[in-house]
Amino acid sequence: MSDVPDSIEPKKIPERFRRIFTGNPIFDSLEMEVVSSGRGTAVMRFPYKKEFAQYQGTIQGGIVAAYADAAIAVAVTSLLPEGRDMVTTELHIYFLRTITSGPIIARADIVHEGKTLLLGHATVERADGTVCARVTATNMIVSPRGAG
């Protein structure tokens, strides 16, 4: 089994980032857990959900990409200047193996932090640590969109 600890309590997530998890319906659908988060890093856990599998029982590729994107987003939020937000501008994924059970782990690290662009790497893994996908994504620091 992987060395993934219990998830972080939502109240331990900094207030300015809590809305990412509480006001984002896709995160509810993914049932993601923040396992750990630090400066430019994140580990997320997701359950295997039959409704996310294709006809052979493997998690569909777009869902695997969403797991990695979510982990990278959490890692990026720890680096955002006060009053700023971010968007993913590019994501590249290599599918290496299938995922047919859970939990599913996504690990992300920000490997370059520029003034407006951040480059992140992530892996999506089976519970035993087998890497099933490798992902690179670019995120842009932007002004927050208005509510409503």
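Assorted remarks:
- The set of residues in segment 69-106 that are surrounded by fewer than 18 Cβ atoms within 10 Å (Cβ to Cβ), among the hydrophobic types (A, V, I, L, M, F, W, C) and more than 16 Å from Thr58 (Cα to Cα) comprises Leu79, Leu80, Val87, Leu91.
- Residue within segment 84-100 that is among the aromatic types (Phe, Trp, Tyr), in contact (Cβ under 8 Å) with a residue 24 or more places away in the chain and part of a strand (DSSP E or B) present: yes
- Qualifying residue in segment 133-146 (condition: surrounded by 15 or more Cβ atoms within 10 Å (Cβ to Cβ) and over 23 Å from Gly61 (Cβ atoms)): yes
- Any hit, segment 58-80, residues being in a strand (DSSP E or B) and under 17 Å from Leu30 (Cβ atoms): yes
- Residue count for segment 107-128, restricted to those that are more than 15 Å from Met44 (Cα to Cα) and surrounded by 22 or more Cβ atoms within 10 Å (Cβ to Cβ): 1.
- Total residues in segment 28-57, condition surrounded by 16 or more Cβ atoms within 10 Å (Cβ to Cβ) and part of a helix (DSSP H, G or I): 2
Quick grid of which residues meet (1) more than 11 Å from the chain's Cα centre (by Cα); (2) at pLDDT 95 or above:
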| residue | (1), (2) |
| --- | --- |
| Ala70 | no, no |
| Ala73 | no, no |
| Leu79 | yes, no |
| Gly83 | yes, no |
| Leu91 | yes, yes |
| Tyr94 | yes, yes |
| Thr98 | yes, yes |
| Gly102 | yes, no |
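The values are calculated or read from the model by the stated rules, or taken from the named source; none is laboratory data. Just so we're clear, the structure is a prediction, and the values are computed from it rather than from any experiment. Backbone-built Cβ (ideal geometry, glycine too); neighbour counts: all protein chains shown.
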